[in-house]
1. How high is the relative contact order of the chain? Use alpha-carbon pairs under 8 Å, at least six apart in sequence, and give a whole percent.
2. Evaluate the relative contact order of the range 174-327 (contact order divided by residue number), counting alpha-carbon pairs under 8 angstrom at least 6 apart; express in whole percent.
3. In Å and whole numbers, how far do the C-alpha atoms of the range 14-61 stretch along each principal axis, longest first?
4. May I ask for the angle, rounded to the nearest 10°, between helix 143-159 and the longest principal axis of the chain, with both axes built from Cα atoms and the value confined to 0 to 90°?
5. Suppose the Debye formula is applied to equal point scatterers at every Cα of the range 189-268; what is log10 I(q)/I(0) at q = 0.11, 0.21 Å⁻¹?
6. Mind pulling the per residue volume of the convex hull built on the Cα atoms of the chain? Å³ is fine.
7. State the extension gain, in nm to one decimal, for the chain segment bounded by GLU274 and GLU46, taking 0.36 nm per residue of separation less the distance between their alpha-carbons.
8. Compare the peptides 170-182, 90-102 by average per-residue count of other Cβ atoms within 10 angstrom and give them in order, highest first.
Amino acid sequence: MAWLTFSSSLAGRRRSSDRVRLWRRLRRLGAVTGPTGVTVLPDRPETREAFAWLAQEVRRSGGEALVLHVRSFNGLQDRDLVRLFQEARRQDYRALERELRRLEAGLHSRSDDPARRRAAAARLARLRQRQREIRRIDFFPVTEGRRVEAHLARLERRLTRVTAPGEPRIPRRRPEAFRGRRWVTRPRPYVDRLACIWFIRRFIDPNARVRYADRPRRGEVAFDMEGGEFTHVGPLCTFEVMVRAFGLSDEALTAIGEIVHELDLQDRRFVRAELAGVDAVLRGWHAAGWSDRVLEACGVALFDGLYRSLSARTAARRRARTRRPGG
């Protein structure tokens, strides 16, 4: 195996605080300290880049830093270093597991309180983010990681849907009444509008044309805009309204509705593992300054892939249940 070592000396009056800051950075990178006091990471492209940036920061602050590529250490075998990394990650996962147990224990009392469940969902989202951070530096995976993943998934399923009181009734619409018509929505489509366009093309009219403007023309079907035929109603985003209006329902569509709802309204009503990824992709597209048409094409592809993935996952769970004895 190949390894990287990092050593540094800090200059300036605030050397103590700088050392603490550097130690925290190294810990977030997943580095461990070997028996000889040297800071080590496995030699991989992402760790080489991380150490290089850290060394550059130290030098900019007036200190010195050195990154070395090491094939072996005298008196220290690869398996000894691997054990150090694994033990560090076990401690991280165990601390996270304790947090999950405390969260779960709090759900047993008054778990039907929507406000309490929303607070728990927000806390669970933070713990999921922490799990992703640990998994990123779990260079030599330990079994504790799988246990934490299973525990998170179990709590996410429990908290996925928080029932809102008095949700509005959505009038039912017939898909055939909207085929061959032109649709219109605001420019710079984001998550709710992109999901709606995908839904229209997949379930209502595969040849639907969408115009981007601030006001609809006569005969156009406006959505996700003021006065539109389909728009936010009560606590529901436009995508949720449209799904209900056309009477379509399956587990994958429900999951996409929860993702769109949370990214659009950010009311902490739903917790989904896919939220961070979808949000990062959409933010990146908009930061790139893509045109409405490019955003539309990519958004349709994104939600189509997401729907297929979620549908396949649902089908796999159903097959697994039917194979269980007595299932």
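Here, each number is a calculation from the coordinates, and none is a lab measurement. All of these numbers come straight from a predicted model, not from anything done at the bench. Neighbour counts run over all protein chains shown; Cβ positions are idealised from the backbone, glycine included.
1. Relative contact order comes out at 14 percent.
2. Answer for the range 174-327 is 25 percent.
3. So the extents along the principal axes, rounded to whole Å, are 31, 25, 17.
4. Roughly 30 degrees between the two axes.
5. -0.27, -0.99
6. 209
7. Gain on stretching GLU274 to GLU46: 79.8 nm.
8. In decreasing order of mean packing, 170-182, 90-102 become 90-102, 170-182.
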